[in-house]
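Everything below concerns the one structure shown next.
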Amino acid sequence: MANSEEVGKSSIEEEVEREPSNFENGDGEDEDVEDDEEDEEYEDGNDEELPQGKPVTDASRLLAQRSKLENLVERMRKEKVRLRVHDILIKGNTKTKDSLIEAEVEAIKTASTMQELLEAAGVANAKLQRLEIFDSVKITLDSGPPELPGTANVVIEVVETGNPLSGECGAYTKPAARSWTFEGSVKYKNWLGYGDLWDGSLAYGPNQTSEVSAGVYFPRLKRLVTPLVARLSLLSQDWLEFSSYKERSLGLSLGLYSTKYHDLGYNLGWRTITDPSQMASNSVRRQLGNSLLSSLKYTFKVDKRNSAVRPTRGYAFVSTSQVGGLAPDHRSLRFVRQEFDLRYAIPFGFDRAAMNFGVSAGVVFPWGNGFLNKPSSLPERFFLGGDFSPVCTIGGPTTVWGFKTRGMGPTEPRREVRDENKDDNNDSLGRDFVGGDLAVTAFADLSFDLPIRWLREHGIHGHIFAGAGNLAKLTENEFRSFSFQKFMETFRTSVGVGVVVPTRLFRLEGNFYYILKQQEHDRGKTGFRFSISAPS
């Protein structure tokens, strides 16, 4: 509530321009001056009439304004000061459409009291800043026409971004996959004046994943009340080392509905799966060729944690539902996919120590005629493994500490090739990880400050953790022989200890992993490794 009051006081001031951060963090030092102007602008009458023949000094005028200020402040404390907005004036937008700004400040029009108007002005300022197309935003409250007492005019002055073009690039390593990627993007803001963001991005990884994409984002377009998002992408993924196939897809994604907690999108793509090695297992070979992806995806997300990189209190929940096979084409992949993810952080009250718990689960199943006998689509299955932290990665079952990329779960032997000796020393390299239709993971992570002051000041901390997970096949009538007891008995588990270096963009960890339990062909390894995780 203190922030709202500061926003209200500051927004009345006519002479001091507000920078973007001022509406979030004010110091309240100009309270008297701002409230003087507030009183000056909103009192129905003019300055008190002084006796004729006596000069008006600055001191007498200041005393009169201070008296009005005290009366107004006292009145606002005791009761609601009735006031309505007569007009909204927009200045400084040479490129941005008035309709976009008006839509973001809609709440100002409905304010019926001084208190509501001050609060709405603060919210409107924050919304305009989030568009990221203005260098500064200033909202001034002025008195309405003299013939309409009890009214106010709202003046919104914006300074549009001087350079709408921006870009970034970087190189990232993936120790678990022994690969690296180069990523770069270029963005152009407010091309059409609707707060639109146009971007093109490139991600190149010589050993695994490459992607070229272009997209556009409209925060508001005409009368649409939700953002409009469209993206065209060409994706190539190399899974030869793990699953003996390469995947290439050309797709279009559309954001249909998006709010704070809900997101609905449509994906349309043409996918091709190939096996250049000619060594794929039977289940992988059966899925080689072309297929059409036409799916609707709904996500519900609530994140009340105080930090995505190092949460010490709060909870988060994500539910993702996807239905594929919305196109009439016989090559359309028909499946239903559901994921859940629950996180909870409990503070201990000393040394910023906190315990993070997480449970994730997912299931995928085909639908249509004879679906009980059909396998699920290979790219839609769940694969576990990879050296990244589950603490800040939320969205479904993805990894278990200590296991390499696609390093656990159901496997099948690859096809033997004549005149080529079989490698008996590393049998896992002669098998394909084919993923699972059911996946469950869980973890516990105890984080704490280190005793060195410099490390504490930079957020570097230690943690002790434990993780577990498992995969199972349900399709092709395998669900009939599924045993919950056997599923629990074959859980993979690991523990470890490490040091975490959090940054604004990612979470860097140096961990020692100890594998407690793994199955015959899993790729879990005890030892020390680094990992980089980006918050999701």
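The values are calculated or read from the model by the stated rules, or taken from the named source; none is laboratory data. Since the structure is predicted, the reported quantities are computational estimates derived from the model, not experimental observations. Reconstructed Cβ throughout: ideal geometry from the backbone, glycine too, with neighbour counts over all protein chains shown. Quick note on the areas: whole protein, heavy atoms, side chains included, nothing else; ligands and nucleic acids left out. Shrake-Rupley method; radii C 1.70, N 1.55, O 1.52, S 1.80 Å.
Label-point separation (nm) for L446 and R66, each offset 7 Å from Cα along Cα-to-Cβ?
Distance between the two pseudo-spin positions: 6.0 nm.
Please give the FRET efficiency for E416 paired with N290, using the beta carbon to beta carbon distance and R0 = 30 Å, rounded to the nearest 0.05.
0.65
Ranking request for peptides 327-337, 150-160: highest mean number of other beta-carbon atoms within 10 Å first, then the rest in descending order.
Ranked from most to least packed, the peptides come out as 150-160, 327-337.
Could you work out the equivalent-ellipsoid semi-axes for region 73-160, taking the square root of 5 times each eigenvalue of the Cα gyration tensor, largest first, in whole Å?
Semi-axes (√(5λ), whole Å): 25, 14, 10.
Run the accessible area of region 73-160 with a 1.4 Å probe and give the carbon-and-sulfur part as a rounded percent.
47
Please give the net charge around A327, taking every other residue with its beta carbon less than 13 angstrom from that of A327, where Lys and Arg add +1 and Asp and Glu add -1.
+2
For the pair F528/S112, report the inter-label distance in nm, with labels modelled 7 Å from Cα in the Cβ direction.
With each label placed 7 Å out from Cα toward Cβ, I get 6.7 nm.
Report the gain in length on full extension from V499 to R248: 0.36 nm times residue separation, minus Cα-Cα distance, nm rounded to one decimal.
Length difference between fully extended and current span is 86.6 nm.
Cα-Cα over 26 Å: which of K95/K301; K404/K473; K301/K525; K127/K301; K246/K517; K91/K127?
K95/K301; K301/K525; K246/K517
In nm, give the distance between the simple-model label positions of L221 and A126, each being 7 Å from the Cα along the Cα-to-Cβ direction.
Calculated label separation equals 2.8 nm.
Please give the length that would be gained between E147 and Y514 if that part of the chain were fully extended, namely 0.36 nm times their separation in residues minus their C-alpha to C-alpha distance (nm, one decimal).
Additional length available on full extension: 124.2 nm.
Less than 11 Å Cβ to Cβ from A308, Lys/Arg counted +1 and Asp/Glu -1: what total charge do the surrounding residues give?
+4
Let's test the formula: R0 of 35 Å, r as the Cβ-Cβ distance of A214 and W367. What FRET efficiency results, to the nearest 0.05?
FRET efficiency, A214 to W367: 0.60.
Between A203 and L256, what FRET efficiency follows from the Cβ-Cβ distance if R0 is 22 Å, with the result rounded to 0.05?
Working from the Cβ atoms, E equals 0.30.
Below 14 angstrom from the Cβ of L268, what's the summed charge of the other residues (Lys, Arg +1; Asp, Glu -1)?
+3
If we sort 387-396, 524-533, 140-149 on the protection proxy, mean other Cβ atoms within 10 Å, highest first, what's the order?
387-396, 524-533, 140-149
Express in nm, to one decimal, how much length is gained between I464 and R480 on full extension, taking 0.36 nm for each residue of separation and deducting their alpha carbon distance.
In short, 1.9 nm is gained.
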